[in-house]
Amino acid sequence: ENIAYSCNVKEECYNVFNSVLVWTNCSNIYFSRYITTSSEIFYSQYIHDCNNIWLSSDLIGCEECIACSGLRNMRYCINNQALSKEEYLLKKKEYLANKERLLGVYEQIVAFASKSDVTNYQCEEIRD
């Protein structure tokens, strides 16, 4: 339900916008790809079993992370640095309010994605 501008979204996923390859009980996924068993994922890729992730790549079992990469079973991290819950929530508000910083981080993610072998993924070729 509520899937728009996305392709290859399967198995009880909902509220998915402009994303590719979102599978198995995902919700509220925005501008992301290769997401499984996760929710509240924004501008991220290669995310599995995570919640509340922004501008990140290659995370497994993480919660509340911003601009992180390669983490496993972590929470309250910004730029791969673990913070206390209180410090994280304060910095999260500041971080997400800075539009220029967000654009810069997003551009880095896009540049990384352009080097991968799936950048030219064609939705028209998907067959269930």
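Hey, could you check the stretch 53-83 for residues that are touching a residue at least 12 places away in the same chain (Cβ under 8 Å) and of a type in the set (Gly, Ala, Ser) and say which is nearest to Ser38 (Cα to Cα)?
Result: Gly61.
Residue by residue through the stretch 71-128, note down the ones that are at pLDDT 65 or above and of a type in the set (Phe, Trp, Tyr).
Those that are at pLDDT 65 or above and of a type in the set (Phe, Trp, Tyr): Tyr76, Tyr88, Tyr95, Tyr106, Phe112.
Return the residue satisfying two criteria in turn: it lies in the stretch 61-78 and is within 13 Å of the chain's Cα centre (by Cα) and open to solvent by 60 Å² or more (accessible area, probe 1.4 Å), and of such residues it is nearest to Glu107 (Cα to Cα).
Once the filter is applied, the top-ranked residue is Ser69.
So, in the stretch 72-89, exactly how many residues are under 19 Å from Tyr43 (Cβ atoms) and assigned to a helix (DSSP H, G or I)?
So the count comes out to 1.
Determine which member of the set Ala97, Ala4 is more than 19 Å from Ala111 (Cα to Cα) and either touching a Phe, Trp or Tyr at 6+ places or on another chain (Cβ under 9 Å) or aromatic (Phe, Trp, Tyr) (or both).
Being more than 19 Å from Ala111 (Cα to Cα) and either touching a Phe, Trp or Tyr at 6+ places or on another chain (Cβ under 9 Å) or aromatic (Phe, Trp, Tyr) (or both) holds for just one of Ala97, Ala4, which is Ala4.
Under the condition of being in a strand (DSSP E or B) and of a type in the set (Gly, Ala, Ser), which residue from the stretch 27-71 is nearest to Glu12 (Cα to Cα)?
Ser27
Asp58 - would you say it is open to solvent by 80 Å² or more (accessible area, probe 1.4 Å) and in contact with a Gly (Cβ under 6 Å, 6 or more places away or on another chain)?
no
Residue-wise test of (1) closer than 25 Å to Arg33 by Cβ; (2) surrounded by 16 or more Cβ atoms within 10 Å (Cβ to Cβ).
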position	(1), (2)
Lys85	no, no
Leu89	no, no
Tyr95	yes, yes
Gly104	yes, no
Gln108	yes, no
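Mind listing just one residue for me: the one in the stretch 2-27 that is open to solvent by 50 Å² or more (accessible area, probe 1.4 Å) and at positive phi and, of those, modelled with the lowest pLDDT? Give the steps one after another, and end with the answer.
Our first condition is that a residue be open to solvent by 50 Å² or more (accessible area, probe 1.4 Å); within the stretch 2-27, this holds for 2-3, 5, 10-12, 14-15, 17-18, 23, 25.
So of that shortlist, the ones also at positive phi come out as 2, 5, 11-12, 15, 18, 25.
Values: Asn2: 91, Tyr5: 89, Glu11: 83, Glu12: 92, Asn15: 97, Asn18: 93, Asn25: 95.
Checked the stretch 2-27; the qualifying residue modelled with the lowest pLDDT is Glu11.
Enumerate the pairs (first residue in the stretch 1-25 and more than 15 Å from Gln45 (Cα to Cα) and of a type in the set (Phe, Trp, Tyr); second residue anywhere and open to solvent by less than 90 Å² (accessible area, probe 1.4 Å) and in a loop (DSSP other than H, G, I, E, B)) with beta-carbon separation below 9 Å, excluding pairs fewer than 6 apart on the same chain, so at least 6 apart or on different chains.
Pairs that qualify, where the first residue is more than 15 Å from Gln45 (Cα to Cα) and of a type in the set (Phe, Trp, Tyr) and the partner is open to solvent by less than 90 Å² (accessible area, probe 1.4 Å) and in a loop (DSSP other than H, G, I, E, B), are Tyr5/Asn18; Tyr5/Ser19; Tyr14/Cys26.
The values are calculated or read from the model by the stated rules, or taken from the named source; none is laboratory data. The structure displayed is predicted, hence computed values, not measured ones. So basically every Cβ, Gly included, is an ideal-geometry build from the backbone, and we count neighbours across all protein chains shown. For accessibility, only protein heavy atoms count, side chains too; no ligands or nucleic acids. Shrake-Rupley method; radii C 1.70, N 1.55, O 1.52, S 1.80 Å.
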